[in-house]
1. May I ask you to verify whether Thr221 is outside the structural domain of Gly111 (by the TED database) and either β-branched (Val, Ile, Thr) or at pLDDT 85 or above (or both)?
2. Starting from residues that are at pLDDT 90 or above and of a type in the set (Lys, Arg), keep the ones in segment 88-132 and report whichever is farthest from Phe168 (Cα to Cα).
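The values are calculated or read from the model by the stated rules, or taken from the named source; none is laboratory data. The shown structure was predicted, so the numbers you read here are calculated from the model rather than taken from an experiment.
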Amino acid sequence: MDVLRWLFDAQIRVGDGFILWREVLGNVFGLLSALGGMRRKVWAWPVGIVGNAILLTVFLGAVFETPNPVNLLGQAGRQIMFIAVSVYGWVQWRRSRGAQQEAVTPHWAGGRQRILLVVAMLAGTAVLTPVFRALGSYEPVWADAWIFMGSLLATLGMARGWVEFWLFWVAVDLVGVPLLFSAGYYASGLMYVFYGAFTLAGFFVWWRVNTRQRRAATIGTGFPDLHLSVGDERP
């Protein structure tokens, strides 16, 4: 039990502060999951679930009596959400993979879907802010709610294969970096800086894949592919 507790509280000393090894490990699993998602590999989902479970214990610092007793309820709640949605995404990608190596074909969300995504992001943030504040989340609470909603919509978008899901991660990173640094979660804050650049790269990778596939469909028939759904329209 003492060994388990030591592993639970293991730290990296940085000047007068510290970083929990669990926080580093959870973010490493998250990075590997993002890399797998960019390459459209099914293993991205279970790897991400492991990282989410680890980070859940990190962001409930007061609950687990860790050296950093700060609760970020939006961050903690999104780990639970990630696990649930990742199970859905895992099943979706396994079904759609078939005989091909990549598990999903990147495509653009339709105009109506984009409007719904933006409305859900803004309305969800507005609704969750007072809820997280009542539960004692770290200020500014709206930022925690924004991160939660953006993460939810990005994960759903990834499961559906929408190219736009990467942009929701960018929106999450822009708010997440200052929030995490101010709360003392330096490892996660640094990872969010890296994720910001990584998610932009992922967006352009999926964009190019989608463009290449559309051109191949056009060349193969000699005419535009009329079977592409409205959700595949480019912006």
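1. Values: outside the structural domain of Gly111 (by the TED database): yes; either β-branched (Val, Ile, Thr) or at pLDDT 85 or above (or both): yes.
So Thr221 passes the test.
2. Residue satisfying both the conditions and the ranking: Arg112.
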